[in-house]
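The values are calculated or read from the model by the stated rules, or taken from the named source; none is laboratory data. Every value quoted in this text rests on a predicted model; they were computed, and no experiment measured them. Positions of Cβ are backbone-derived with ideal geometry, glycine not excepted, and every protein chain shown enters the neighbour counts. Surface accessibility is based on the protein's heavy atoms, side chains included, excluding ligands, DNA and RNA. Shrake-Rupley method; radii C 1.70, N 1.55, O 1.52, S 1.80 Å.
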Amino acid sequence: MAFTMEDSNMHEIKKSLFKYAMQGEWNEVVSICKQQPRAYKTEIIASGDTALHVAVSEGKESIVEELVELIGETDLDALEVRNEQLNTPLHLVASMGNVNICKCLAEKHPKLVGVRNHDHETPLFSAVLHGRKHAFLCLHEISDSMKRDEYGRRADGKTILHCAIFGEFFDLAFQIIHLYKNFVNYVDEEGFTPLHFLAGKPSAFRSVKIMRKLEYSEGYNLSYKISDDKKKPRYPDNYRTFSMGRRRRDNLIDSENSKERKYKGHQSRNGARQYRLLPPNYDVIFEFFRLATKALLVVLGLRITNVQKIKDKKEKHTWSCQIMDELLKSASMYEYDWIGMKPLPSRYSKHEEARPNSHELLSDTKKNEIKKDRNKEITASETSSSGIKQKEHKKSEKKKTVGKVDAAILIAAKNGVKEMVEKILDLFPVAIHERDSERKNAVLLAVEHRQPDVYEVLLRRNFMRDIVFSVVDNDGNSALHLAAMLRHSLPWHIPGHALQMQWEIKWYKYVKKSMPRHFFPHFNNHNKTHKEIFTENHGNLVHKGGKWLNNTSSSGSVVATLIHY
């Protein structure tokens, strides 16, 4: 469809662009843009997207390349048009991860890499936010080397390294650490470093084993070692007598029948004679066929999803440890002191629509729209004085809370990240004296949140044990007081209130065994000892455990009666 300068109408152009774009007739869209350069800046959708936005969103690489080639050096502002979210086409394609289109747009207009959207994010930032590693590397190479640190940081102080770790894009985070070394120690407005974010991801580490029914087909895997036994029983203590008697009986039967277990056959425990059809060495052949069948299922894709999940999980564990090593390697002792205490100020304000340099790139129409929006905001803010006071009050409260950020070792101890606790103590032994806002150190937090692996790491450390383990919090609670308290959220998932009570007792005794003896009669600020707290907190659990045992025994009696008859 041909348009001339005389009879062209913007409404008709907009209507035609929308029609052809929705029908997928992109050659017609290209011809319209070729005849009418104004079509590049025409918004064809209610969200403010242009034809180039739509083509980028649908991944039309050849169409995007044709449209970009038609733009001259003097008309580069056509690539700067932004939608309602102030996203340029480069923002969209960066979040999608299409490297070819990223390269096409960024090489045509390199300054687009620094334009910010409504959330104050550059296309470089958007690529990391969605885990698009190859798109990020492409934009990194094209961007201005003097402004890369600025492009990689948002108005709230978060860097691309923060976002990569938060999204668990660890392979991408590893690349960022080597390309943006300064970001290792950057903190956001709340005072969090990338190391804090990593400490808040316990599932990324191998030591933190989240129990799921689909992953453990043999029941509940209680991986925490809270006793000195080499082998952990999978039954309650009151089952021990029955189990030992059954084991002795089995051993006697096996010893009597061991002589008869030959090629001819053997007598089973119920007295029946069972004969082998093939020699015992044929078991190896059958085992080989069983493994070959499993491999065939994997090749056919019937169980490839489970294999891929295990592979991804192992890779995540490896990447998280490597990132942790790099973050701690780049942090000096001085930087560790101020981590989370003095956030670095941003170069730009949250109320800016875009960075000054990128604002200069905008077209005149877009500048006028932004000025109108700003004037509306100014008039609205002047009329609502109470709203301004509330904002100022919130800002002052946020500034007060910035200095109260917990150290990374405390977050790791709370979440059970044993690897990070060990690494931090190896590099910074004084970190054991870190306290949170409630005056709790790593020992108290590990006990309170039931993290046996972290607690064992702290027990093995060669430091002033009596001092570190004798610390009390603001309420005067020692580690033994916290072990006596019942928490509703536990890292271990145990069926039945009786079994849960059993583990509570074992955990309490384990902590008590590691505490100094002179600390047993200690009272907290409420004049309570650890025994009194344990009795008060676990009374309801004891009552529920008794009911659970009665119901279980009743069910067992019914089943035994049915089997007997």
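Calculated on C-alpha atoms, the gyration radius of the range 46-91 divided by its Kirkwood radius gives an Rg/Rh of 0.95.
The solvent-accessible area of ILE310, taken with every protein chain present and a 1.4 Å probe, is close to 100 Å². Would you be so kind as to identify which of HIS196, SER207, TYR186 lies farthest towards the positive end of the dipole of the range 102-210, taking Lys and Arg as +1 and Asp and Glu as -1 on Cβ and the Cα centre as origin? Working it through, the farthest residue towards the positive pole turns out to be SER207. Taking 18 Å as the limit for the C-alpha separation, the pairs LYS201/LYS314; LYS60/LYS103; LYS316/LYS414; LYS158/LYS309 exceed it in the case of LYS316/LYS414; LYS158/LYS309. Please work out the FRET efficiency for the pair LEU459 and LYS509, using the Cβ-Cβ distance as r and a Förster radius of 25 Å; give the result to the nearest 0.05. The value I calculate is 0.95. Would you work out if the range 152-208 is rounded, prolate or oblate? Take a ≥ b ≥ c from the square roots of the eigenvalues of the alpha-carbon gyration tensor; rounded if a/c is under 1.5, else prolate when a/b is larger than b/c, oblate otherwise. Note, shape of the range 152-208 comes out oblate. Modelled spin-label separation between LEU70 and LYS19, with each label point placed 7 Å from Cα along the Cα-to-Cβ direction: 1.7 nm. With the whole protein complex present, SER207 retains an accessible surface near 20 Å², based on a 1.4 Å probe.
Averaged per residue, the range 1-100 has 48 square angstrom of accessible surface, using a 1.4 angstrom probe with ligands and nucleic acids left out.
Let's test the formula: R0 of 51 Å, r as the Cβ-Cβ distance of GLU536 and SER330. What FRET efficiency results, to the nearest 0.05?
0.60
Computed over every Cα-Cα pair of the range 67-206 and binned at 5 Å starting from 0, the pair-distance distribution P(r) comes out as 2, 11, 21, 22, 19, 12, 7, 4, 2, 1, 0, 0 percent.
Volume of the convex hull of the range 1-124 (Cα atoms only), normalised per residue: 93 Å³.
Accessible surface of LEU291, taken over heavy atoms with a 1.4 Å probe and every protein chain present, rounds to 100 Å². Once the Cβ-Cβ distance of GLU12 and ASP149 is raised to the sixth power relative to R0 = 41 Å, the FRET efficiency obtained is 0.30.
The convex hull around the C-alpha trace of the range 454-539, projected and averaged over every direction, spans 6.1 square nanometres.
Computed extension length for ALA560-LYS544: 3.3 nm, one decimal, from 0.36 nm per residue of separation with the Cα-Cα distance subtracted. Computed over the range 9-70, the P(r) curve from all C-alpha pair distances, binned at 10 Å from the origin, holds 24, 65, 11 percent per bin.
Of the peptides 9-19, 450-460, how do they stack up when ordered by the mean number of other Cβ atoms within 10 Å, highest first?
Numbers: 9-19: 15.1, 450-460: 20.8.
Final packing ranking: 450-460, 9-19.
For the range 418-565, the relative contact order is 22 percent, taking Cα pairs closer than 8 Å that sit 6 or more residues apart in sequence and dividing their mean separation by the residue count. The alpha carbons of the range 419-565 occupy a box of 68, 37, 26 Å along the principal axes, longest dimension given first. The three principal axes of the Cα atoms in the range 83-132 give end-to-end lengths of 24, 22, 15 Å, sorted in falling order.
Note the full-extension length gain between LEU291 and ASP156 as 0.36 nm times their separation in residues minus their Cα-Cα distance, in nm to one decimal.
Stretched out fully, the LEU291 to ASP156 stretch lengthens by 43.2 nm.
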